[in-house]
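The values are calculated or read from the model by the stated rules, or taken from the named source; none is laboratory data. Everything numeric in this text was worked out from a predicted model, so none of it was measured. Cβ sites come from the backbone with ideal geometry, for glycine too, and all protein chains shown count toward neighbours.
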Amino acid sequence: MNTELLEAIRELEEEKGISQEVLLEAIEAALVSAYRRNFGSLQNVRVHIDRQTGEIKVLTQRTVVEQAVDPRLEISLEEARRLNRSYEVGDVVEKEVTPKDFGRIAAQTAKQVVVQRIREAERGIIFEEFSNREGDIVSGKVHRIEQKNVILDLGRVEAVLTQAEQVVTEVYRQGETLKSYIIEVRKTNRGPQIYVSRTHPGLIKRLFEQEVPEIHDGLVEIKGISREAGFRSKVAVYSRDEDIDPVGACVGPRGARVGAIVDELRGEKLDIIRWDSDPASFVANALSPAKVISVAVDEEIRMARVVVPDYQLSLAIGKEGQNARLAARLTGWKVDIKSEGQT
């Protein structure tokens, strides 16, 4: 240990935010283990690093007792007072036992501790960065596939797209760039573990925020999303400005904005719905692209009874009931659909 290493430790405090004192204390603790490992000492020892010069001392520690039983750990009061008359029972007597070649061991140990602490600090920084981004979108390249989990390279860290969060209609290929939604960031011994999703409705919300300036600026609000990932989603939007058409803003000129989102979702169909505070109007809108004749709502059981033209019944219900199911989830109302001829 020397003044150069002390200076390097001071620079680390400035650059990485690693406390100089914490680092030196960690090195001292590691040097105690290194001393015992290399010199087989069964004595109590401590290591002290001079904060000004970098000088290292290994000191044995013996407790003052009336009569010593184990001379490696204890020293009699009589013997201690031969060294210094002020010693009392319970005091600790220290003696320097620094080996001649301890400097080489100390340098190696210090380097290991510094490297480890830098790694821990960097992991901490990455954890803080990404834990604050839960609920946000990240873009990464497919690095590899392990046991059906897709590992994404985000640059300084990897993210895991588990099989449960993958879209069943999507095939992921190594090297392709993928946007995903951060659902959880965990702190582990190997560093932060980031879990992402391609199925979460939040992915659609964030994509709209990226593509539609009116949503990003807060002029248009996404009121709700119901999604069956890979197949179809419904997005309810509302404009805070009467002069802005929320659906038109989301669709964009010649469908460019919604088209970019559909491309990112690899062809998933998107129905953009105008949100309405009136439940009947909202349910009617939510059944788009089907045309609705009337909606009667029963607020007590939150049931909406919908009548559609005969030729629109299958469209309103959707394939395997998908359109009606998504509309019900979006509005929070049970939806009972009948054709005009059934009423």
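Considering only the range 43-62, how many residues are in a loop (DSSP other than H, G, I, E, B) and under 13 Å from residue 97 (Cα atoms)? Quick ask: steps written out before the conclusion?
The initial filter retains those residues of the range 43-62 that are in a loop (DSSP other than H, G, I, E, B), namely 43, 50-55.
Next cut, under 13 Å from residue 97 (Cα atoms) only: 43.
The total comes to 1.
Of the conditions (1) over 26 Å from residue 166 (Cα atoms); (2) modelled with pLDDT of 95 or more, residue 271 fails just one. Which one is it?
Of (1) over 26 Å from residue 166 (Cα atoms); (2) modelled with pLDDT of 95 or more, only one is false for residue 271: (1).
Of the residues 302, 266, 329, only one is outside the structural domain of residue 166 (by TED's automatic domain parsing), charged (D, E, K, R), in contact with a strand residue (DSSP E or B) (Cβ under 8 Å, 6 or more places away or on another chain) and at positive phi; which? Spell out how you get there, then give the answer.
Numbers: 266 fails: in contact with a strand residue (DSSP E or B) (Cβ under 8 Å, 6 or more places away or on another chain); 329 fails: at positive phi.
Exactly one residue qualifies, and that residue is 302.
Yes/no matrix, rows are residues, columns are (1) aliphatic (A, V, I, L, M); (2) part of a helix (DSSP H, G or I); (3) more than 24 Å from residue 123 (Cα to Cα); (4) in the same structural domain as residue 264 (by TED's automatic domain parsing):
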residue: 144; (1), (2), (3), (4): no, no, no, no
residue: 152; (1), (2), (3), (4): yes, no, no, no
residue: 160; (1), (2), (3), (4): yes, no, no, no
residue: 167; (1), (2), (3), (4): yes, no, yes, no
residue: 170; (1), (2), (3), (4): no, no, yes, no
residue: 173; (1), (2), (3), (4): no, no, yes, no
residue: 184; (1), (2), (3), (4): no, no, no, no
residue: 192; (1), (2), (3), (4): no, no, no, no
residue: 214; (1), (2), (3), (4): no, yes, yes, yes
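Considering each of 247, 237 in turn, give the residue that is outside any strand (DSSP E or B), in contact (Cβ under 8 Å) with a residue 12 or more places away in the chain and touching a Lys or Arg at 6+ places or on another chain (Cβ under 7 Å). Show your work before the answer.
Numbers: 237 fails: outside any strand (DSSP E or B).
Within the list 247, 237, the selection yields 247.
Assess whether residue 165 counts as being acidic (Asp, Glu) and touching a helix residue (DSSP H, G or I) at 6+ places or on another chain (Cβ under 8 Å).
Numbers: acidic (Asp, Glu): yes; touching a helix residue (DSSP H, G or I) at 6+ places or on another chain (Cβ under 8 Å): no.
Taking the combined requirement at face value, the residue does not satisfy it.
In the range 12-28, what residues are surrounded by 12 or more Cβ atoms within 10 Å (Cβ to Cβ) and either out of contact with any strand residue (DSSP E or B) (no Cβ under 7 Å at 6 or more places or on another chain) or at positive phi (or both)?
As a first pass, look at the range 12-28 and keep what is surrounded by 12 or more Cβ atoms within 10 Å (Cβ to Cβ): 12-13, 16, 18-20, 23-28.
Those that are surrounded by 12 or more Cβ atoms within 10 Å (Cβ to Cβ) and either out of contact with any strand residue (DSSP E or B) (no Cβ under 7 Å at 6 or more places or on another chain) or at positive phi (or both): 12, 13, 16, 18, 19, 20, 23, 25, 26.
Determine whether residue 123 is in contact with a helix residue (DSSP H, G or I) (Cβ under 9 Å, 6 or more places away or on another chain), touching a residue at least 24 places away in the same chain (Cβ under 8 Å) and charged (D, E, K, R).
On the way: in contact with a helix residue (DSSP H, G or I) (Cβ under 9 Å, 6 or more places away or on another chain): no; touching a residue at least 24 places away in the same chain (Cβ under 8 Å): yes; charged (D, E, K, R): yes.
Against the criterion (in contact with a helix residue (DSSP H, G or I) (Cβ under 9 Å, 6 or more places away or on another chain), touching a residue at least 24 places away in the same chain (Cβ under 8 Å) and charged (D, E, K, R)), residue 123 does not qualify.
Checking the structure you have, find out if any residue of the range 131-153 is within 29 Å of residue 11 (Cα to Cα), crowded, with 18+ Cβ neighbours inside 10 Å and not hydroxyl-bearing (Ser, Thr, Tyr).
No - not one qualifying residue is present in the range 131-153.
Is it true that residue 35 is assigned by TED's automatic domain parsing to the domain that holds residue 115 and touching a Pro at 6+ places or on another chain (Cβ under 9 Å)?
Working: assigned by TED's automatic domain parsing to the domain that holds residue 115: yes; touching a Pro at 6+ places or on another chain (Cβ under 9 Å): yes.
Spelling it out, residue 35 is indeed assigned by TED's automatic domain parsing to the domain that holds residue 115 and touching a Pro at 6+ places or on another chain (Cβ under 9 Å).
Does any residue of the range 74-93 turn out to be charged (D, E, K, R), over 50 Å from the mean Cα position of the chain (by Cα) and assigned to a loop (DSSP other than H, G, I, E, B)? Steps first, answer last, please.
Of all residues in the range 74-93, those charged (D, E, K, R) come to 74, 78-79, 81-82, 85, 88, 91.
Now restrict to residues that are over 50 Å from the mean Cα position of the chain (by Cα): 74, 78-79, 81-82, 85, 88.
This time we only want the ones that are assigned to a loop (DSSP other than H, G, I, E, B), so: 85, 88.
The answer is yes; a qualifying residue exists.
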